[in-house]
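Student: Attaching a single structure in structure tokens format; questions to follow.
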Amino acid sequence: MRERLGAGDLSGEPAAWTVTAAPGGRAVHAQAGRRRLLTGTAPLRRPREQDTARLDCTGLGWVHLTPLGRGNCLVQAMVPGPAEDPAGLLARLLAESGLASGLRRAPRTAAALE
């Protein structure tokens with residue numbers, strides 16, 4: 001995809017195309033377990049990290065950091081099943097992914113969304 005996008009469109013014009021995902025008919029859509037989105041905020045370690053989103057995977061799920069400005073970022077992870085301690089699980093996933101090094105600390109509180 002990077003090759004197709006090239007250096008990116010810096011014109012400020014609306015994108016010529018978008019990527020969407022929609023479920024097909026019942027025959028092609030099957031539920032494959034329950035997932036939870038974990039979400040919280042955390043302070044970034046370095047100011048230069050404020051313009052780059054980061055994504056990584058662990059054995060349990062994916063973790064994503066989205067800069068929010070003012071030195072903070074949104075931390076999200078997708079995991080299977082219920083999460084009794086969302087903040088603890090988010091901290092564990094951050095450490096396993098290596099993304100924790102870009103944060104001053106893991107989120108102190110987190111929510112688990114179905």
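The values are calculated or read from the model by the stated rules, or taken from the named source; none is laboratory data. Quick caveat: nothing in here was measured; it's all calculated off a predicted structure. With ideal geometry, Cβ positions are generated from the backbone for all residues, glycine too; neighbour counts draw on all protein chains shown.
Student: Looking only at residues in region 82-114 that are surrounded by fewer than 16 Cβ atoms within 10 Å (Cβ to Cβ), of a type in the set (Gly, Ala, Ser) and out of contact with any strand residue (DSSP E or B) (no Cβ under 7 Å at 6 or more places or on another chain), which one is modelled with the lowest pLDDT? It would help to see each step written out before you state the result.
Tutor: Of region 82-114, the ones surrounded by fewer than 16 Cβ atoms within 10 Å (Cβ to Cβ) are 82, 84-85, 88, 95, 98, 101, 104-105, 108-109, 111, 113-114.
Imposing the further condition that a residue be of a type in the set (Gly, Ala, Ser) reduces the set to 88, 95, 98, 101, 111.
Still in the list and also out of contact with any strand residue (DSSP E or B) (no Cβ under 7 Å at 6 or more places or on another chain): 88, 95, 101.
On the way: Gly88: 95, Ala95: 95, Ser101: 92.
Top of the filtered list is Ser101.
Student: Out of all the residues in region 59-91, which are assigned to a loop (DSSP other than H, G, I, E, B) and either of a type in the set (Gly, Ala, Ser) or under 16 Å from Ala106 (Cα atoms) (or both)?
Tutor: To start, the set of residues in region 59-91 that are assigned to a loop (DSSP other than H, G, I, E, B) comprises 59-61, 70-71, 81-85.
Matches in region 59-91: Gly59, Gly61, Gly71, Gly81, Ala83, Asp85.
Student: Oh, and also: So is Gly71 at pLDDT 75 or above and over 24 Å from Glu114 (Cα atoms) or not? If you could, list the steps in order and put the result at the bottom.
Tutor: Details: at pLDDT 75 or above: yes; over 24 Å from Glu114 (Cα atoms): yes.
Criteria met by Gly71.
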